[in-house]
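The structure appears right after this line, and notes come after that.
The values are calculated or read from the model by the stated rules, or taken from the named source; none is laboratory data. Keep in mind that this is a model prediction, so the values were computed, not measured. Counting neighbours? That spans all protein chains shown, and the Cβs are built from the backbone with ideal geometry, glycine included.
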Amino acid sequence: MNSRDFLSFTKDLLKKKTKNSLSLKLILAIGVLLLIGSGFFWYMIIIRGEQEFIKYSLSFYEGYSEMIEKSLEKHMLYNDRSSINETLKKVSTVVDIAFVNIYSHPNGVVRFSSNKRFIDSTATTSSSACFACHGKRKKLIEKASWFVEKKSASRFMIFTRPILNRPACFNAVCHYHNKNKRLLGVLEARYSLARLDNKMKQQKLFTLVSGVIFTLFFCIILCIVLWRIVIGPLYILADALQRVSKGDLDFQININRKDEIGMLARAFNSMTRELKTSRERLENWAKELEREVEKKTEEIRRGQEQLVHTEKLASLGRMAAGVAHELNSPLTGIVTFAHLMLKRLPPENKMDREDLEVIIEQAERCSKIIKGLLGFSRALPSEKTDVNVNDVISHTIGIVRNQAKFHNVKINTSLSPDLPDIRGDASQLEQVFMNLLINAADAMNDRGSINISTRLIREDDADHIEIEFTDTGPGIPEEYMDRLFEPFFTTKPPGKGTGLGLSVSHGIIKKHGGNIRVKSTPGKGTSFFIRLPVPENRDLKE
Ligand code: ADP
């Protein structure tokens, strides 16, 4: 863990994540356990140290007390008071000695003391000097004894040594002691433990401070280790999960460890890979579905348009058939009688003859329109036979070639020789081809070239013959493309076009079970494609 990670980790601990942080809980639990454990450990060390100090002081003070007793013994035997006082005075200069008293027994009066203040004062049986024998035991203790006494804030170690009546005492010439007396007095040496206590206090403080520093240091090391091994990777995992939940499925965790965290990271990585694959699959499905829906919608739209168009054509066809039927008879009468009148008129009556010829011409034009209307309404009878499309095309070309309109138009053909026959009406198909040729020539202003080709193709698992008429005319503007097959749509000047040619052609091709399409590039030319179905059990032309 680097210092930045550790800082952010600490910030996290101090901020929102403090309460529920796993790391904090772990560190607190381990820290508390550590504090209790180390506290107990340090406490034991302190207690043991204190005991050792007391033991050491005891042996030291005991030896010192014995030495005092020994140095006073001779002076006491000779009752040399000044030497006793001199010795006690010297003794009192030693550090730690509070005072040394010599009590007489049994009255408890202080005979000698290192502190003049105590001389001639009297001790009671509960006093520290008398306590060893007059305490609980109520029995003379012939050996030295000691105890620790606490007075206000200070502690003292008190040694009492009984001064027993020995032969040297009761036989001494200098002063007299009754032989039967067991105890002559008591020597009390009182040592201050202030220096020791001070040292102990320092030791305790040092132990406490080093204990706290050790615990803190241990906790920090623990934090670092925990962060590197557990918490850090958990944060990375949590962050990665958040990214995945936001849709970032490319994110991979880079933890290459063999422990449980490594296992978790590997499981996470394979999970995101799986999720990504599934999402891509779903997206592909969705796109496929979208495309399918678009295709179907387009088909439905086209179907609807076709339906509307068919409906329109049907009602228009019915009306056109009625009108054509009604007009056909009077027109036939006009043309017939105009011809009769023309025959009767003398050749020199040029003016009337010319007028009659105009009447006949216009009447024939009307009759042509009516024929077109009848064709559009499909009122004309159709006879279906086995038809060879190439033959029909060749026959149509043969008719138009002789017309002045096509003198400057080059007609190229590329007819597939192996075309099967289709079932159809040859004269109606001829009408369609003728119409396409005339339209092409009109568009090219009667000069240019028209390429006609035929081929056998497979469409919707069935054989079809495709016929293509391509001219080198100016093409059809984009805005007209949708209206080309509408009845009465024409861009030709009044009197020249009826706007029925393509709609009649469309009707005839439909009636043959085929379709007619147009492709045009403005400025380059136009191509019409007609597809006619081939009957299933046909004989192929050799
Ligand atoms: P008409 O020939 O009486 O105008 P059509 O239905 O045959 O009626 O043709 C409709 C219109 O289609 C024409 O007026 C013309 O604008 C356009 N058209 C047809 N064929 C071509 C072509 N080969 N090149 C350019 N425009 C064409």
One residue from LYS371, LYS410, LYS384, LYS405 being closer than 27 Å to GLU468 by Cα, of a type in the set (D, E, K, R) and touching a Lys or Arg at 6+ places or on another chain (Cβ under 7 Å): LYS384
Index of the failed condition, SER527 passing every other in (1) modelled with pLDDT of 90 or more; (2) among the hydroxyl-bearing types (Ser, Thr, Tyr); (3) within 8 Å of the ligand (Cβ to nearest atom); (4) closer than 16 Å to VAL432 by Cβ: (3)
Every pair of residues 6+ apart whose Cβ atoms lie under 6 Å, when the first sits in segment 78-96 and is farther than 20 Å from PHE156 by Cα while the second is in a loop (DSSP other than H, G, I, E, B) and among the basic types (Lys, Arg): none
Criterion: out of contact with any helix residue (DSSP H, G or I) (no Cβ under 9 Å at 6 or more places or on another chain) and either without any contact (Cβ under 8 Å) to a residue 12 or more places away in the chain or under 22 Å from ALA321 (Cα atoms) (or both) - qualifying residue of GLU383, GLU348: GLU348
Single unsatisfied condition, ILE369 versus (1) under 30 Å from PHE337 (Cβ atoms); (2) more than 16 Å from the ligand (Cβ to nearest atom); (3) of a type outside the set (Ser, Thr, Tyr): (2)
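Conditions (1) buried (at least 18 other Cβ atoms within 10 Å of the Cβ); (2) within 15 Å of the ligand (Cβ to nearest atom); (3) within 28 Å of LYS511 (Cβ to Cβ), marked per residue:
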position: ALA404; (1), (2), (3): no, no, no
position: THR413; (1), (2), (3): no, no, yes
position: SER416; (1), (2), (3): no, no, yes
position: LEU419; (1), (2), (3): yes, no, yes
position: GLY424; (1), (2), (3): yes, no, yes
position: SER427; (1), (2), (3): no, no, yes
position: VAL432; (1), (2), (3): yes, yes, yes
position: ALA441; (1), (2), (3): yes, yes, yes
Test result for LEU289, surrounded by fewer than 11 Cβ atoms within 10 Å (Cβ to Cβ), out of contact with any strand residue (DSSP E or B) (no Cβ under 8 Å at 6 or more places or on another chain), assigned to a helix (DSSP H, G or I) and of a type in the set (A, V, I, L, M): yes
Strands (runs of 3 or more DSSP E) lying entirely in segment 350-467 (those with 3 or more residues that are among the β-branched types (Val, Ile, Thr)): 409-414, 448-459
Count of residues meeting criterion [out of contact with any Gly (no Cβ under 9 Å at 6 or more places or on another chain), farther than 22 Å from LYS312 by Cβ, near the ligand (Cβ under 8 Å from one of its atoms) and not in a loop (DSSP other than H, G, I, E, B)] in segment 469-516: 1
Residue match in segment 198-221 (condition: without any contact (Cβ under 8 Å) to a residue 12 or more places away in the chain and not in a helix (DSSP H, G or I)): no
Scan of segment 179-195 for residues that are part of a helix (DSSP H, G or I) and either in contact with a Ser or Thr (Cβ under 6 Å, 6 or more places away or on another chain) or modelled with pLDDT of 90 or more (or both), ordered by number: ALA194
